1. Taking the Cβ of each residue in HIS175, HIS119 as the centre, tally the other Cβ atoms inside 10 Å and list the residues starting with the fewest.
2. State the label only: which of [x] 27, 57, 16, 0; [y] 28, 61, 11, 0; [z] 31, 61, 7 corresponds to P(r) over Cα pairs in 20 Å bins from 0, in percent computed from the shown model?
3. Modelled label-to-label distance, LYS88 and ALA259, 7 Å Cα→beta-carbon offset: nm?
4. Taking the simple approach of a point 7 Å from Cα along Cα-to-Cβ for both GLU65 and ASN108, what is their distance in nm?
5. Describe numerically, in nm with one decimal, the distance between label points set 7 Å from Cα along Cα→Cβ at ASN204 and at GLN160.
6. Which part of the range 93-121 falls in the paramagnetic zone of GLN167, meaning amide N under 17 Å from the point 7 Å along Cα-to-beta-carbon?
7. Mind checking which lysines have their C-alpha under 21 Å from LYS88, skipping anything on the same chain fewer than 8 residues away?
8. Suppose every K and R has +1 on its Cβ and every D and E has -1 on its Cβ; what is the size of the dipole of the chain about the Cα centre, in Debye to the nearest 20?
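No lab work stands behind these numbers, since they all come straight from the coordinates. Every value quoted in this text rests on a predicted model; they were computed, and no experiment measured them. FYI the Cβ positions are ideal-geometry reconstructions off the backbone, even for glycines, and counts take in every protein chain you see.
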Amino acid sequence: MLTTQLIAIALIPMAAAAAPADQTNTAQPAGSPVSRIYVGSAKAIFLVNFDPATGRLEDRGVVCETEDPSFLALHPTMPVLYAVGEAKEGFVASFRMDAKSGLLSLLNRQPSKGGGPCHVSVAPSGRHVAVANYGSGSVALLPVLDDGRLGEASGFFQHQGSSANPQRQTGPHAHGVTFDIAGRFLFAPDLGIDKVCAYRYDENARELPPNDPAFASLAPGAGPRHIAFHPSGRFAYVVNEMGNTVSAFTYDAEKGRLAPLQITGTLPESFKGDSTTAEIVAHPSGHFLYASNRGHDSITTFSVNPETGTLTRAGDTPTGGRTPRSFAVDPSGKYLLAANQGSGDIILFKIDPNNGALQSANQRVRVPSPACVIFARP
């Protein structure tokens, strides 16, 4: 991770609301289809309106002050948002979302059972929240109560090992937690040990047992960060932060098994500077895959063969700012939001439905140190 100042974005539908008094953008017509974008920074969560019909962004200011909300996730059925608190003694907090104002109210918070939590996700069933602790290299599972609050962690697993890089891989650093589409397995890429750890998940159980096989190995020094599943559920893609590569896998959804398929780079051969990857997202259509590059400051587009899952690098697009820590594709698949941590802005791009190429939509919102983006379905 580059810094503890992070950002996360989540989209949910909302009714149009009146703009603050100091807002220079004109309000949208009453009843227009506007979505909410929640943005986390070092000390607060912000709100941005997004109109998918026009591609317009509108800054709405702070909706909640909280400690280091480095990554956000939404419950699949309840109006509840979860945020990790990236600290030495980490935690996960739950917030109720007000349907009219978008304001967040704290429900409760629970220890993440490790240091420096950097990623959180909600099981498709909505019964549990998983958290990755980067600092201590562990994964925890927290039950979701009937009102969306979190119970104490019921499942926990401490990663062990090291890898090739003497500066960043002397111990485990769990960097992500992602459930597969069916919600039967949980996967945790660990940058420090060059493995994607796999766990069996049962929504009625309280434990987090390792799968068999318990992990998929990456190349020494790759530094796996996040994993994205193809909409078909047949393939998975891991973005490797240190190696500037994407590892493609076939996926056996019955056994929770990842089998190596392909490794491809994210940077053009002509680039000679320093860069690390950050986020990876599969397009809802299944035809495209995107990965962000910090240093090259771009998003790489890959075309996906829907039959074999293999990738073809289709080009890269500058994000219009510095250090794109994260990005997200809106649920319709028409837009991509890039969060530039270094330059403090979020920039909107249109997605060409024919080839997945990105084109600026001429919309920018200033946010302090944006760094991580996730999407929620409406």
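1. Details: HIS175 24, HIS119 27.
If I rank by nearby Cβ atoms, fewest first, I get HIS175, HIS119.
2. [z]
3. It is 4.7 nm.
4. So the label points at GLU65 and ASN108 sit 2.5 nm apart.
5. Using points 7 Å along Cα→Cβ, the separation is 3.2 nm.
6. The answer is none.
7. LYS43, LYS113
8. Details: 30 positive and 32 negative charges, 30 e Å.
That gives the chain a dipole magnitude of about 140 debye.
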